[in-house]
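K.L.:
Below is one structure. I have some questions about it.
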Ligand SMILES: [Zn+2]
C-alpha cells in the first residue's frame, strides 16, 4: 500500500490509487479507520509495524465493502482490539438491511457484505475514541460517521466527501470517479452532513477516495453548492402530487 503522512499523527494508506484507510497515532498505538477492501489485512498491519506502533483500535466510517473488506481478517489477527462502528451501520454487518420507520424509505445502494466480526463499540455522535470525536454524518449510508481529531481538527470523513475526480459531496456524480455517487443512499441527508462537517472548520479533509486536502473549507463550500444545485434541479423534475 502507498503510505502518505499528513502529520505525525495521520497516515493515509492507499490501495489501487483511490481506496484509502487511515492510521491515527495515539500515545499507545494506532487507531485504524476503515479496513479497505478484502485482502489488505497483512499490508495494513505491516505498515503500522513499520511506523512503530501496534493497532489498538479499529473503527469504521460505514459498512460498505471497500471499507469493511479486510475487517474479519484483521479481527482474526487482532482479536483483542476493540472494533467500533455506528450502532446504525452495525446492523448491516449482520445482513440486516432493513430501514427504520423514521428513515427516508429509499433503497440502499452499494455493497454491504455480511461480516463475522461483531463490533464491541457501538458509536454515537460525540463519543470519543482516544483523540477522535465521532460525528454523525448520515446520507452516504444511514449510519455513516466521520472522525474529528480534537488535537488538530483533522477530519477523517469517510465517504461523506470524495476528492478523487474532484472534491465533491458523496452523491454528486463525478465523471472521473463516480463510485461514491452510485453508492450513496440519500443525497439530501448527505448534503446536510456535508454542511455539518464544513462547520467544524477542519484543518485537513481526509476521505475514503482521493488525496488528503489541507485547508479544505473553500473546496468543501464549492462542493456543497454544487450538490445543492443538483438537488434543486432534481426537485424541479419531480412531478407535483396534488
Ligand atoms: Zn461508501
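Derivation of every value follows stated rules applied to the coordinates shown; laboratory data play no part. It should be emphasised that the depicted structure is a prediction, and the values quoted were computed from it without experimental measurement. Quick reminder, even Gly has a Cβ in these numbers, built from the backbone with ideal geometry, and neighbours come from all protein chains shown.
K.L.:
Which residue fluctuates most in the GNM of the chain (Cα springs below 10 Å): 70, 214, 98?
P.N.:
98
K.L.:
Viscosity 1.306 mPa s, temperature 10 °C: Stokes-Einstein D of the stretch 1-116 from its Kirkwood Cα radius, in µm² per second?
P.N.:
Using the Kirkwood radius from Cα pairs, D works out to 108 µm²/s.
K.L.:
If I fit a long axis through the Cα atoms of helix 187-199 and take the longest principal axis of the Cα atoms of the chain, what angle between them do I get, 0 to 90°, rounded to 10?
P.N.:
60 degrees
K.L.:
Of 49, 91, 211, which has the largest mean-square fluctuation in a 10 Å C-alpha GNM of the chain?
P.N.:
49
K.L.:
Mind grabbing the base-10 log of I(q)/I(0) for the stretch 49-125 at q = 0.14, 0.19 Å⁻¹? Debye formula, identical points on the C-alpha positions, no solvent, two decimal places.
P.N.:
Results for the stretch 49-125 at q = 0.14, 0.19 Å⁻¹ read -0.48, -0.82.
K.L.:
Using a 10 angstrom cutoff on alpha carbons, build the Gaussian network for the chain and name the most mobile of 14, 141, 150.
P.N.:
150
K.L.:
Can you compute the radius of gyration and Dmax for the stretch 127-210, using only the Cα atoms, both in Å?
P.N.:
Rg then Dmax for the stretch 127-210, in Å: 12.0, 37.
K.L.:
Counting C-alpha atoms alone, how compact is the chain: give Rg to one decimal and Dmax as a whole number, in angstrom.
P.N.:
Over the chain's Cα set, Rg and Dmax evaluate to 17.0, 64 Å.
K.L.:
Can you order the peptides 184-190, 2-8 by their average number of other Cβ atoms within 10 Å per residue, highest first?
P.N.:
184-190, 2-8
K.L.:
Calculate how steeply helix 41-51 sits against the longest principal axis of the alpha-carbon atoms of the chain, using the helix alpha-carbon long axis, and give the answer as 0 to 90 degrees to the nearest 10.
P.N.:
Its long axis makes an angle of about 60 degrees.
K.L.:
At 37 °C and 0.692 mPa s, what whole-number value in µm²/s does Stokes-Einstein give for the translational diffusion of the stretch 1-47, with Rh from the Kirkwood sum over Cα pairs?
P.N.:
In µm²/s, the coefficient rounds to 305.
K.L.:
So what's the stretch 58-186 giving for Rg/Rh, alpha carbon basis, Kirkwood Rh from the mean inverse pair distance?
P.N.:
0.96
K.L.:
What do you get for the angle between helix 217-237 and the principal long axis of the chain? Use alpha-carbon atoms, 0 to 90 degrees, nearest ten.
P.N.:
Helix 217-237 sits roughly 40 degrees off the main axis of the chain.
K.L.:
Something else: Taking Rh as the Kirkwood radius, which is the inverse of the mean 1/r over Cα pairs, what is the Rg/Rh value for the stretch 137-179?
P.N.:
1.03
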